[in-house]
């Protein structure tokens with residue numbers, strides 16, 4: 001006899017055998033008992049949760065010789081034929097391959113024929129959302145008013161794709177994901193009945209990986225049991241599923257907490273040598289960090305089925321990171337998982353993500369810069385408050401408050417004595433202290449966080465020179481990069497500097513390769529002869545022609561006489 005897969009061999013036969021769908025089995029059983037049998041049902045829910053199995057149980061309950069009954073015997077001829085798929089009254093249609101209007105027209109023609117063996121003709125349309133719009137429209141009238149002996153059961157994993165006109169004609173039942181505990185209990189029952197030895201940890205790992213689908217869990221168990229040498233162990237399940245394992249994840253987490261970059265890279269390299277998948281490494285690390293976050297918040301992981309954890313490891317590693325740091329780390333890992341889809345070098349993407357978790361975030365650098373700049377701002381604010389207090393006191397006593405008036409513009413000094421700095425030169429002495437260096441590093445980190453790769457590549461060609469209260473000076477090896485920074489990137493960088501420093505700073509980019517031209521020698525002033533202002537000339541009335549008057553209107557009426565020189 002041919003081997004039958006576990007998920008087929010252990011398909012539920014009665015409503016009592018359904019796992020995790022008690023609300024549906026109880027409702028359908030009561031409907032059968034009370035005789036309130038609808039003409040159309042819509043079963044929706046994730047894959048492997050029992051939609052098709054429930055539809056077949058319902059068909060068997062309607063056509064059983066002892067029914068309709070919520071507990072079909074499974075021994076009579078209609079029950080056996082429905083179970084082995086040979087019944088002439090139960091039609092299981094795959095809408096993915098029969099999605100056109102012609103197939104629905106054929107179905108409408110056969111609906112009117114009476115049942116052959118049982119009481120009802122049951123049409124089970126699986127993946128009904130795959131039907132075309134025309135097919136749905138052709139099904140509408142039949143679905144609304146079918147013959148009394150016909151029951152439609154529509155099953156789908158994507159109920160939102162089923163038109164509202166179809167849903168309104170059906171009784172809808174939503175199948176929920178099966179919990180890992182329920183899946184594990186069902187697998188323990190099956191392994192005990194079949195004489196398969198399996199470790200509890202192995203069944204727990206399979207239940208977690210099934211993601212709420214019992215059919216997926218039984219398929220994984222079937223695969224593990226087929227190659228197991230006596231016992232289904234956790235290590236064998238881990239190898240079959242390609243899981244990294246708790247020990248490696250705990251070592252990697254400890255290395256990240258200790259900021260041991262070399263050890264982090266060595267662990268990653270060892271995992272890759274063992275054939276582990278980069279995406280799986282990030283997924284399991286993020287799940288572990290999620291467990292630490294939940295443990296810090298709630299103190300337990302009960303009823304939160306995502307990643308099986310050891311209590312001792314949680315207690316130890318939950319002390320490594322504060323809660324906000326854990327959330328930042330999880331967010332960074334999710335970004336890396338998204339980048340993996342498009343990265344030409346996935347390993348580099350993972351290495352960058354892990355190393356970034358070992359270092360302080362750009363936000364931390366910005367906080368340090370603001371903390372350094374805070375004393376100066378507080379001192380300036382204290383001075384302004386003191387002056388405001390003096391003015392308020394003077395006003396209260398009725399004294400005259402001196403009002404600052406704009407100073408008279410000084411007379412321009414001779415050209416030889418002008419020594420003012422040209423526009424763009426820094427005002428005040430430049431200092432390259434730790435605050436400036438932190439501000440420079442914060443600027444580069446923020447550009448990297450904002451993914452401004454061209455700007456970051458350009459600024460990395462320069463070096464921080466110094467800063468004062470108004471300006472932030474960067475020197476470049478050539479004037480081209482300095483000009484590019486000043487022309488295209490200055491506004492963006494000044495905005496970031498203002499956020500980091502807490503005050504406005506003007507970015508000054510200098511090129512070190514441009515030689516300084518010597519100042520031009522002052523030209524001696526040539527004495528100019530004083531010319532007498534020519535006398536105005538009165539125009540006789542007879543010479544005021546229209547053309548002349550137009551010229552006077554345009555150029556003015558300052559008419560002078562011009563003496564012609566004798567050649």
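The values are calculated or read from the model by the stated rules, or taken from the named source; none is laboratory data. Computed from a predicted model, the values in this text were never measured in an experiment. Cβ atoms come from the backbone with ideal geometry, glycine included; neighbour counts cover every protein chain shown.
Can you find a residue in the range 52-60 that is closer than 30 Å to residue 210 by Cβ and surrounded by fewer than 19 Cβ atoms within 10 Å (Cβ to Cβ)?
Among the residues of the range 52-60, at least one is closer than 30 Å to residue 210 by Cβ and surrounded by fewer than 19 Cβ atoms within 10 Å (Cβ to Cβ), which makes the answer yes.
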- Message: Which of the numbered conditions does residue 230 fail, given that it passes all the others? Conditions: (1) on the phi < 0 side of the Ramachandran plot; (2) without any contact (Cβ under 8 Å) to a residue 60 or more places away in the chain.
- Response: (1)
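Can you find a residue in the range 428-451 that is closer than 11 Å to residue 509 by Cβ and surrounded by 14 or more Cβ atoms within 10 Å (Cβ to Cβ)? Please lay out each step first, then the result.
Taking the range 428-451 first, the residues closer than 11 Å to residue 509 by Cβ are none.
Within the range 428-451, not a single residue is closer than 11 Å to residue 509 by Cβ and surrounded by 14 or more Cβ atoms within 10 Å (Cβ to Cβ).
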- Matching residues in the range 234-251 - criterion: being assigned to a loop (DSSP other than H, G, I, E, B) and touching a residue at least 40 places away in the same chain (Cβ under 8 Å): 243, 244
- Message: Can you tell me which condition residue 218 does not meet? The list is (1) touching a helix residue (DSSP H, G or I) at 6+ places or on another chain (Cβ under 6 Å); (2) modelled with pLDDT under 90; (3) part of a helix (DSSP H, G or I), and all the others hold.
- Response: (2)
- Task: For the range 97-118, name all the residues that are more than 18 Å from residue 151 (Cβ to Cβ) and modelled with pLDDT under 85.
- Result: 98, 99
- Item | Among (1) modelled with pLDDT under 85; (2) under 18 Å from residue 461 (Cβ atoms); (3) in contact with a helix residue (DSSP H, G or I) (Cβ under 8 Å, 6 or more places away or on another chain) - the single one residue 509 does not satisfy | (1)
- Is it the case that some residue within the range 255-270 is within 30 Å of residue 342 (Cβ to Cβ), out of contact with any strand residue (DSSP E or B) (no Cβ under 9 Å at 6 or more places or on another chain) and not in a helix (DSSP H, G or I)? yes
- Of the residues that make up the range 347-362, is at least one under 22 Å from residue 208 (Cβ atoms), modelled with pLDDT under 80 and crowded, with 17+ Cβ neighbours inside 10 Å? no
- Item | Pair list, Cβ < 8 Å and 6+ apart or interchain, from the range 452-466 residues that are over 15 Å from residue 432 (Cα atoms) and in the same structural domain as residue 483 (by TED's automatic domain parsing) to residues that are at pLDDT 85 or above and not in a helix (DSSP H, G or I) | 459/474; 461/476
- Taking the range 309-327 and the residues there that are crowded, with 17+ Cβ neighbours inside 10 Å and within 11 Å of residue 254 (Cα to Cα), the one that is modelled with the lowest pLDDT would be 313
